[in-house]
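The values are calculated or read from the model by the stated rules, or taken from the named source; none is laboratory data. Fair warning: this is a prediction, and the values are worked out from it, not measured in the lab. Here Cβ is always computed from backbone atoms with ideal geometry, including for glycine, and neighbour counts include all displayed protein chains.
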Amino acid sequence: MAILVTGGAGFIGGNFVLDWINHHDELLINLDKLTYAGNLQTLDSVSGHPNHVFVHGDIGNTELVGQLLLEHKPRAVINFAAESHVDRSIHGPAAFIETNVVGTFRLLETVRTYWLECSPVRKQEFRFLHVSTDEVYGTLGPQDPAFREDHPYQPNSPYSASKAASDHLVRAWFHTYNLPVLTTNCSNNYGPFHFPEKLIPLVILHALEGKDLPVYGDGQQVRDWLFVKDHCSALRRVLEAGQIGETYNVGGWNEKANLDVVRMICSLLDELRPRTDGISYAEQIRFVRDRPGHDRRYAIDAHKLEKELGWKPAETFESGLRKTVIWYLEHPDWVQGVTSGSYRQWLTSQYHG
Ligand code: NAD
Ligand code: TYD
């Protein structure tokens, strides 16, 4: 038995791979293009593990993916591979269309060709699990109910539009070709191995380096935070027991305004690694120009997953954030490895351009 994971050198995919190898005795093929967001250091602890095979490649490479499917005959494909950063999608949307839309289309077609040739038993047990985002639903007003699975798709950024397109393709491959798909739409993740262009790791590292902590606009935008290990347990559960063709929202019931998140990180650092001058890290907070088209609020209603599949997150935001801050304090080598020249160029163009 085997599974094929795409994007398993990224933040969520990497955490998923590490957890999977610890929970299952099954071969995992990890296909990743190693863009700026993919990092083999994340996989150090499973390098050389007999159940982990890393393959450097693109989900859009039908020949390579077709070969991998024929060789390993996986019972499932879990698609994490994507361009994932909203700010980058505003600066350069082309890569988002290429991977998230065209890449997902090519992957679906390659998987369909493989699936059609499987034995009847294999065909029945096969699953294609597509990992998506709550951002496809658009934005909420302060009093609106949280996103349920039947909320209309109203994406507002090039990133969320490209993910919405990929979700539609996955849906169509189920309805038209009967490909056994599952889709998850989850809220903002945080935790270990998070690339420091995203809010939480960026603030932790900027604080420690004595840099400004950039808060977009008024900092009152709300995100619903999910600890990455809770996301991984939800994905394992959906893969195991999800109904074919269904979508499942995954969220942590942790709505927080960005400014509050930044202040919480500052307080944790004040406690765990106080500044030598005794001043709070909160002094480094700076309000900066807002993101164009910035969605005001995301919130996930995760009742379906809870009721139908019995999944619940294990972490509160307070416990998960503490673990995350401690992880970054304890892993300076990983941080140094990912904050390469191209990462520094991004920071300069985004925050000082
Ligand atoms: P990430 O940017 O950290 O990692 C993406 C990985 O995909 C990288 O390792 C990259 O090298 C790889 N990749 C990119 N293009 C590829 C291609 N064409 N072929 C093969 N590999 C490719 O992203 P993440 O935060 O781990 O997100 C994983 C998935 O979860 C994405 O689909 C994203 O849309 C979704 N998601 C993320 C969040 C979040 O908060 N991070 C929330 C909801 C949904
Ligand atoms: P981010 O981590 O980029 O995730 P997403 O855009 O997918 O929600 O951003 C989370 C929130 O934090 C979002 O509302 C934008 C805001 N933000 C800042 O205020 N400052 C920053 O430097 C970054 C990267 C994000």
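Side notes on the structure shown:
- Among residues of the stretch 75-94 that are more than 30 Å from TRP20 (Cα to Cα) and among the hydrophobic types (A, V, I, L, M, F, W, C), those with a Cβ under 8 angstrom from a residue that is more than 9 Å from ligand 2 (Cβ to nearest atom) and part of a loop (DSSP other than H, G, I, E, B), sequence gap 6+ or separate chain, pair up as ILE90/PRO292; ILE90/GLY293.
- Selection count where residues are without any contact (Cβ under 8 Å) to a residue 60 or more places away in the chain and not in a loop (DSSP other than H, G, I, E, B), scope the stretch 191-239: 1
- When residues of the stretch 236-272 are limited to those that are at pLDDT 95 or above and small (Gly, Ala, Ser), the one nearest to ligand 1 (Cβ to nearest atom): GLY251
- Any hit, the stretch 62-75, residues being away from ligand 1 (no atom under 16 Å from the Cβ), within 22 Å of TYR177 (Cα to Cα) and β-branched (Val, Ile, Thr): no
- Total residues in the stretch 212-235, condition in contact with a helix residue (DSSP H, G or I) (Cβ under 7 Å, 6 or more places away or on another chain) and more than 10 Å from ligand 2 (Cβ to nearest atom): 7
Residue by residue, here is whether (1) more than 16 Å from ligand 2 (Cβ to nearest atom); (2) within 26 Å of VAL86 (Cβ to Cβ) holds:
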residue	(1), (2)
ASP295	no, yes
TYR298	no, yes
ASP301	yes, yes
LYS307	yes, no
ALA314	yes, no
PHE317	no, yes
GLN350	no, yes
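- One residue stands out in the stretch 63-100 among those that are of a type in the set (A, V, I, L, M) and over 21 Å from LEU129 (Cβ atoms): the one that is surrounded by the fewest Cβ atoms within 10 Å (Cβ to Cβ), namely ALA94.
- For the stretch 303-353, a residue qualifies if it is assigned to a loop (DSSP other than H, G, I, E, B) and at negative phi, and the qualifying residues are TRP311, LYS312, PRO313, ALA314, GLU315, THR316, HIS331, THR339, SER340, HIS352, GLY353.
- Failed condition for CYS118, given (1) outside any loop (DSSP other than H, G, I, E, B); (2) away from ligand 2 (no atom under 16 Å from the Cβ); (3) over 19 Å from GLN243 (Cα atoms): (1)
- Residue list for the stretch 151-160, filter: more than 10 Å from ligand 1 (Cβ to nearest atom) and touching a residue at least 24 places away in the same chain (Cβ under 8 Å): ASN156, SER157, PRO158
- Total residues in the stretch 121-163, condition under 27 Å from ASN189 (Cβ atoms) and away from ligand 2 (no atom under 15 Å from the Cβ): 17
- Matching entry among GLY48, GLY38, GLY60 (being part of a loop (DSSP other than H, G, I, E, B), more than 16 Å from ligand 2 (Cβ to nearest atom) and surrounded by fewer than 17 Cβ atoms within 10 Å (Cβ to Cβ)): GLY48
- If you go through the stretch 138-187 and keep only what is part of a loop (DSSP other than H, G, I, E, B) and hydrophobic (A, V, I, L, M, F, W, C), you end up with LEU140, ALA146, LEU179.
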